[in-house]
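Undergrad: I'd like to ask some things about the structure below.
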Amino acid sequence: MTILTSDTPYLVGHLLVAMPGMPDSRFDKAVVYVCAHSKDGAMGLVINQAMEDITLPELLKQLGVTPTPYSDKISVQLGGPVEQGRGFVLHTPEYVHDSTMVVNDKMALTGTLDILQDIALGEGPQQSLLILGYAGWGPGQLDAEILENGWLTVEADPELVFEADLDAKWHHAMSKLGIDLSLLSEDAGHA
């Protein structure tokens, strides 16, 4: 688990893992990759909630891009409650385009049509998640939610981020923290 200190005040490149009993049902058992976190707020992408209503080939057709067999391999996920019509591709950093934001040496984020075209052609990043929408927090809001026991934090690794079994990600993130789920209470509190 990552502890915020004056030496490491921000959680860019980490995962937020929703505690049992998360008061916001939109984040029940959510695992969120933190793309940005500063004194001005935070932005992250939920990486374990599938979009049931749309597939990548359907999305590509809507955007005027011809789907290929490569596009069948990528699911579309719900990244959070903010701007659900806006798309992001969270991916490995060997693929970099003009609009790519390199988060760290393990992850990058691209939000343009170019990456979808490259994925459709089989020329995209080695690993990627297509995500619609995001989670956003105002100044100090995420920090307060962590202090109120809403989230646990753990360093992200590509194996967990790109794991295909979305339902297992939350359990694997908790396991990475060494937490026995049977011992967790849904009631938040402080000693």
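Where a number appears in this text, it was derived from the coordinates with a stated rule and is not lab data. Keep in mind that this is a model prediction, so the values were computed, not measured. Positions of Cβ are generated from backbone atoms using ideal geometry, with glycine treated the same way; all protein chains shown enter the neighbour counts.
Undergrad: Of the residues Ile119, Ile131, Ile179, which exhibits the maximal mean-square fluctuation in a Gaussian network model of the chain defined by a 10 Å Cα contact cut-off?
TA: Maximum among the listed residues: Ile179.
Undergrad: Further, regarding this structure: Relative to the present Cα-Cα distance, how much length would full extension add between Gln127 and Ala50 at 0.36 nm per residue of separation?
TA: Value of the extension gain: 26.0 nm.
Undergrad: Across the range 155-166, in residue order, what do the Karplus-derived ³J(HN,Hα) couplings come to in whole Hz, using 6.51 cos²θ - 1.76 cosθ + 1.60 with θ = phi - 60° and x for Gly and Pro?
TA: My calculation for the range 155-166 gives 5, 7, 9, x, 4, 6, 4, 9, 3, 6, 7, 4 Hz in order.
Undergrad: Quick check on the chain: helices-only [θ] at 222 nm, where DSSP H runs of length 4 and up contribute -39,500 (n - 2.57) each and the sum goes over total residues. Nearest 500, please.
TA: That comes out to -5000 deg cm²/dmol.
Undergrad: Whole-Hz ³J(HN,Hα) for each residue in the range 91-104, computed from phi via Karplus 6.51 cos²θ - 1.76 cosθ + 1.60 with θ = phi - 60°, x for glycine and proline: what do you get?
TA: Ordered by residue, 3J(HN,Hα) equals 8, 5, x, 6, 9, 9, 10, 3, 9, 6, 9, 7, 6, 6 Hz.
Undergrad: Go ahead and run the numbers for FRET between Thr92 and Asp180, Cβ-Cβ distance against an R0 of 35 Å, rounding to 0.05.
TA: Calculated value: 0.65.
Undergrad: Let me ask something else. Could I get the Rg over Rh figure for the chain? Both from C-alpha atoms, Rh via Kirkwood, rounded to two places.
TA: Over the Cα atoms of the chain, Rg/Rh equals 0.97.
Undergrad: A further question on this structure: Please compute the length gained on full extension between Gln84 and Glu148, using 0.36 nm multiplied by the number of residues separating them and subtracting their Cα-Cα distance.
TA: Full extension from Gln84 to Glu148 adds 20.4 nm.
Undergrad: Expected output is a single nm value to one decimal: the length gained when fully extending between Gln141 and His171, i.e. 0.36 nm times separation in residues minus the C-alpha distance. What is it?
TA: 8.3 nm
Undergrad: Using a 10 Å Cβ count of at most 16 others and DSSP loop calls, identify the longest part of the chain lacking such trypsin sites (Lys or Arg not before Pro).
TA: The answer is 107-191.
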